[in-house]
């Protein structure tokens, strides 16, 4: 098509346009909890229009998140959304403070976890903690009660967008993968362009190997192992675990080793 002034306009089919891949920033956050040193690995996904934080730590984590984001040239003020993989205190505990500070943030979660995050129903983790209480030795019960109270203090936040398995997202190169077991509605995030899995708590890294996160407290251990088996169907070269950090190389074999341990 020739325009006035001699300029020509060329149309390129959408399928031929270059895909915009997300840039992934792994935020290593050292902290002390219950007199123990630990590190969590939330992630920020970034493209031209979006800055998505995946999971946000405990209540009071906002300064730690800001410091970690700054080390990547980012700021929490730049975030456009937060994706919560599941309702556990170390993943959703800081959400209320972030949403209060940045009310325009869009909150994403699965349809199963959303009612707990919204505060409409009791979380699966709290239900489990209450159910197990009477089975514990007397000396463990005070700590168990304290844990229940911490779960009850998590402030609810409305979920704006609900994801389901393999549903297209509003972001290029991002797939949501249902990975239940650790909790009923746990989700992980897959970036096919870079063959990267953000496992959240579907997997953890312990002593250089994959494991199920706290298998004794998985809501459904068999389902958690089935989710690990499901991940084998993906072309994965790198895995980011919320507990343990980054694993690269020979991922399929390492997943097989994990599955075999629970066979």
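The values are calculated or read from the model by the stated rules, or taken from the named source; none is laboratory data. All values derive from a computational prediction rather than experimental measurement. We place every Cβ from the backbone using ideal geometry, glycine too, and count neighbours over all the protein chains shown.
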* Of all residues in the stretch 144-155 being assigned to a helix (DSSP H, G or I) and in contact (Cβ under 8 Å) with a residue 60 or more places away in the chain, the one that is nearest to residue 236 (Cα to Cα) -> 151
* Residues satisfying the stated conditions in the stretch 70-97, i.e. in a loop (DSSP other than H, G, I, E, B), exposed (fewer than 15 other Cβ atoms within 10 Å of the Cβ) and in contact with a helix residue (DSSP H, G or I) (Cβ under 9 Å, 6 or more places away or on another chain) -> 75
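Here is a yes/no grid of residues against (1) in a helix (DSSP H, G or I); (2) touching a residue at least 24 places away in the same chain (Cβ under 8 Å); (3) within 14 Å of the chain's Cα centre (by Cα):
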{"residue": "157", "(1), (2), (3)": "no, yes, no"}
{"residue": "190", "(1), (2), (3)": "no, yes, yes"}
{"residue": "239", "(1), (2), (3)": "no, yes, yes"}
{"residue": "255", "(1), (2), (3)": "yes, yes, no"}
* Say we look at the stretch 108-122 and pick out the residues that are under 7 Å from residue 159 (Cβ atoms) and touching a helix residue (DSSP H, G or I) at 6+ places or on another chain (Cβ under 7 Å); which of these is surrounded by the most Cβ atoms within 10 Å (Cβ to Cβ)? -> 109
* To do: Filter the stretch 176-188 down to the residues that are closer than 22 Å to residue 250 by Cβ and not in a loop (DSSP other than H, G, I, E, B), then identify the one that is farthest from the chain's Cα centre (by Cα).
  => 177
* **Residue check, residue 2 touching a strand residue (DSSP E or B) at 6+ places or on another chain (Cβ under 7 Å) and modelled with pLDDT under 80** => yes
* Asked: Do you know which residues across the stretch 39-65 are at pLDDT 95 or above and surrounded by fewer than 17 Cβ atoms within 10 Å (Cβ to Cβ)?
  -> 39, 60, 63
* Test each condition in (1) surrounded by fewer than 22 Cβ atoms within 10 Å (Cβ to Cβ); (2) under 26 Å from residue 175 (Cα atoms); (3) without any contact (Cβ under 8 Å) to a residue 60 or more places away in the chain for residue 126 and report the one that comes out false. => (2)
* Go through the stretch 26-43 and count every residue that is outside any strand (DSSP E or B) and farther than 13 Å from residue 243 by Cβ. => 3
* To do: Using the structure shown, decide if residue 141 is out of contact with any helix residue (DSSP H, G or I) (no Cβ under 9 Å at 6 or more places or on another chain) and assigned to a helix (DSSP H, G or I).
  => no
* Identify the single condition in (1) part of a loop (DSSP other than H, G, I, E, B); (2) over 23 Å from residue 24 (Cα atoms); (3) touching a helix residue (DSSP H, G or I) at 6+ places or on another chain (Cβ under 7 Å) that residue 229 does not satisfy, given that it satisfies every other one. => (1)
* Could you identify the single residue in 219, 198, 162, 205 that is touching a residue at least 40 places away in the same chain (Cβ under 8 Å), surrounded by fewer than 20 Cβ atoms within 10 Å (Cβ to Cβ) and part of a strand (DSSP E or B)? => 162
* Hey, does the stretch 235-246 have a residue that's surrounded by 16 or more Cβ atoms within 10 Å (Cβ to Cβ), closer than 26 Å to residue 132 by Cα and in contact with a strand residue (DSSP E or B) (Cβ under 9 Å, 6 or more places away or on another chain)? -> yes
* **Residue count for the stretch 44-69, restricted to those that are in a strand (DSSP E or B) and over 30 Å from residue 143 (Cα atoms)** => 6
* To do: Answer yes or no as to whether residue 103 is surrounded by 16 or more Cβ atoms within 10 Å (Cβ to Cβ), out of contact with any strand residue (DSSP E or B) (no Cβ under 7 Å at 6 or more places or on another chain) and free of Cβ contacts under 8 Å to residues at least 12 places away in the same chain.
  => no
